[in-house]
Amino acid sequence: RLLTVQNLKHHNPDLLFFAGDQNYTHDEATYGWLQFGVQFAEVMKDRPTICILDDHDVGHPNIWGESGKVSIGTKGAADGGYMFPADFVRMVERQQTWHLPEPFDPTPIKQGIGVYYTDLNIGGLSIAILEDRKFKSAPIGNIPQMGPRPDHITNPKYDRSAVDLPGLTLLGKRQLDFLDAWARDWTDAEMKVAVSQTAFCGAVHIHGNENASRLLADLDCNGWPQTPRNEALRALRRAHASHLCGDQHLAVTVQHGIDNYRDGPYAFTAPAIVNTIYGRWWPPEDEQQGGGKPIDSPHPWVGDYLDGLGNKITMHAYANPQNRKVREKRGDGYGLIHFHKPTGTTTFECWPRFVDASSPKATQYSGWPISFNALENDGRDPIGYLSTVKLPFENNVVALIKESSGELIYCYRIRADKFTAPVYTNDKYT
């Protein structure tokens, strides 16, 4: 990781974000955590850092938290809950998240396990810190198995509605309530972003072995369950927030679709810093370009697609490993994100691990950088507009609320002294 640290010092970011799996030493968690700290101390010591947990940090191959129930470890803990004692889970959470602000709602879950979902404001960037998997439903006992593992679907004829059942949970009501409150609160905030462990889609086709391991769908991503996935993305869209995560090993940038293609937020899944354990690739089986408005990209497989769970995604860039036996070609690296508050522009950069970023000849992964405006995190087409309203300042927060239900449609900051509100349905609004 030495070159990665040197590169980060060259980039000089204002904030670091580690999305989980800092520790793979399942039987020596404290040693693994201290090792991680030593490796990144030189860059963490003088800049704020967000660190969250994922499955390997608590000794799991995958995790479906089920609000803290006890797992007996069936098929990689696909029965849901935590395999290891609650005291151990609490210890790991103390180690890795003690530095975060107080949780939005600190009420413990089952077994007295804590929570850490919260928000952090750094220099006018408001960051929602999520726990993707703590409340997520498990596959065993909830849906039929349709592949070699409870979480892997390989049958191309499966009924997608058979895995999107009422009552299944992703973020859970508590975190959706948090996101609603976060979307409405723009105190000292100019832009918003959400960070979490993994992606709200299945932007991966091949797992493990490039030649023999094609999956139709992986339930371990946040593309499942599909209905709660869409609820989570609507919550981010209300604040014009983009999304950052890790976990998938494969670097991709997508724009999510909820009801239609390109109507949801942009998201960046960073590459694994060290991509030696488990490879992943994005080649559609028919190797056809996606639909929709053409995307200016050097990649062949960009555009509108359905993932294996039926979720709409628009692929903008991906960094497939070229040869996992050659360190410079295995697809590992890191992401760098710029938030330009005066214009609302976000830029995603994706850097290979084995590159000297300080060199004038250094290049990012093909397809990056990618820039977009925060307004594009809500890609819906309005059916009309309300009358223009004169506002008291030139830097205002505007919100649209559906009168019949009190539902927040959107809330964001504008730099203008008047506003013409777009609407998307024929209802009465405040």
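Between the stretch 4-32 and the stretch 364-430, how far is it from one alpha carbon centroid to the other, in angstrom? Taking the Cα centre of the stretch 364-430 as reference, the centre of the stretch 4-32 is 36 Å away.
Which translational diffusion coefficient, to the nearest whole µm²/s, is obtained for the stretch 389-430 from the Stokes-Einstein equation, given a Kirkwood hydrodynamic radius over C-alpha pairs, 10 °C and 1.306 mPa s? Can you show the working numbers first?
On the way: Rh = 11.0 Å.
Rounded to a whole number, D works out at 145 µm²/s.
Averaging over all projection directions, the Cα-based convex hull of the stretch 267-417 occupies 13.4 nm² in the image plane. The mean accessible area for residues of the chain, using a 1.4 Å probe and ignoring ligands and nucleic acids, is 43 Å² per residue. Pairs exceeding a 20 Å alpha-carbon distance, out of 312/402; 157/312; 69/173; 75/312: 312/402; 75/312.
Connecting C-alpha atoms closer than 10 Å in a GNM of the chain, tell me which of 191, 315, 146 has the biggest fluctuation. Of the options given, 146 has the highest mean-square fluctuation.
About its Cα centre, what dipole magnitude does the chain give when the only charges are +1 on Lys and Arg Cβ and -1 on Asp and Glu Cβ, stated in debye to the nearest 20?
Result for the chain is approximately 300 debye, rounded to the nearest 20.
If you model the stretch 1-114 as an ellipsoid using its alpha carbon gyration tensor, with each semi-axis the square root of five times an eigenvalue, the axes come out at 28, 16, 11 Å, biggest first. In terms of the Cα gyration tensor, with a ≥ b ≥ c the square roots of its eigenvalues, is the stretch 20-78 rounded because a/c is under 1.5, prolate because a/b exceeds b/c, or oblate? Note, shape of the stretch 20-78 comes out prolate. Mean projected area of the convex hull spanned by the Cα atoms of the stretch 111-209, taken over all viewing directions: 9.3 nm². Each 5 Å bin from 0 upward holds the following percent of the Cα-Cα pairs of the stretch 43-170: 2, 10, 18, 20, 16, 12, 10, 7, 4, 1, 0.
Peptides 60-66, 345-351, 285-291 ranked from most to least packed by the mean count of surrounding Cβ atoms within 10 Å: 60-66, 345-351, 285-291.
With the cut-off at 1.5 for a/c, could you classify the stretch 221-304 from its C-alpha gyration tensor as rounded, prolate or oblate? Judged from the Cα gyration tensor, the stretch 221-304 comes out oblate (a/c at least 1.5, b/c at or above a/b). May I ask you to give the percent of accessible area on the chain that is carbon plus sulfur, with a probe radius of 1.4 Å? C and S fraction of accessible area: 52 percent. Projecting the Cα atoms of 34, 183, 248 onto the dipole axis of the chain, where Lys and Arg carry +1 and Asp and Glu carry -1 at the beta carbon, places 248 farthest toward the positive end.
Quick check on the chain: helices-only [θ] at 222 nm, where DSSP H runs of length 4 and up contribute -39,500 (n - 2.57) each and the sum goes over total residues. Nearest 500, please. Before the final figure, lay out each step's value.
On the way: 5 runs with 63 residues, N = 430.
Value at 222 nm, helices only, nearest 500: -4500 deg cm²/dmol.
Considering only the other residues whose Cβ falls under 12 Å of the Cβ of residue 279, what net charge follows from Lys and Arg at +1 and Asp and Glu at -1?
On the way: positive: 280, 324, 325, 329, 330; negative: 210, 332.
For residues surrounding residue 279, the net value is +3.
DSSP beta bridges fully contained in the chain are about 75 percent antiparallel.
Ordering 123, 103, 13 by Cα displacement along the dipole of the stretch 13-124 toward the positive end leaves 103 in first place; charges were set at the Cβ atoms of Lys, Arg (+1) and Asp, Glu (-1). Hydrodynamic analysis of the stretch 163-253 uses the Kirkwood radius over alpha carbon pairs. Inserted into Stokes-Einstein at 10 °C and 1.306 mPa s, it gives a translational diffusion coefficient of 109 µm²/s. Qualifying trypsin sites (Lys or Arg not before Pro) in the stretch 121-224, where qualification requires a DSSP coil assignment and no more than 15 other C-beta atoms within 10 Å, comprise 157.
For Kirkwood radius over Cα pairs in Å, the candidate list reads (1) 22.2; (2) 29.7; (3) 25.7; the entry that matches the value derived from this model is (1).
The values are calculated or read from the model by the stated rules, or taken from the named source; none is laboratory data. Predicted model only: the values in this text are computed from it and were never measured. No Cβ is skipped: glycine too gets one built from the backbone with ideal geometry, and neighbour counts run over all protein chains shown. Each accessible area value is taken on the protein alone, full model and side chains, heavy atoms only, with ligands, DNA and RNA left out. Shrake-Rupley method; radii C 1.70, N 1.55, O 1.52, S 1.80 Å.
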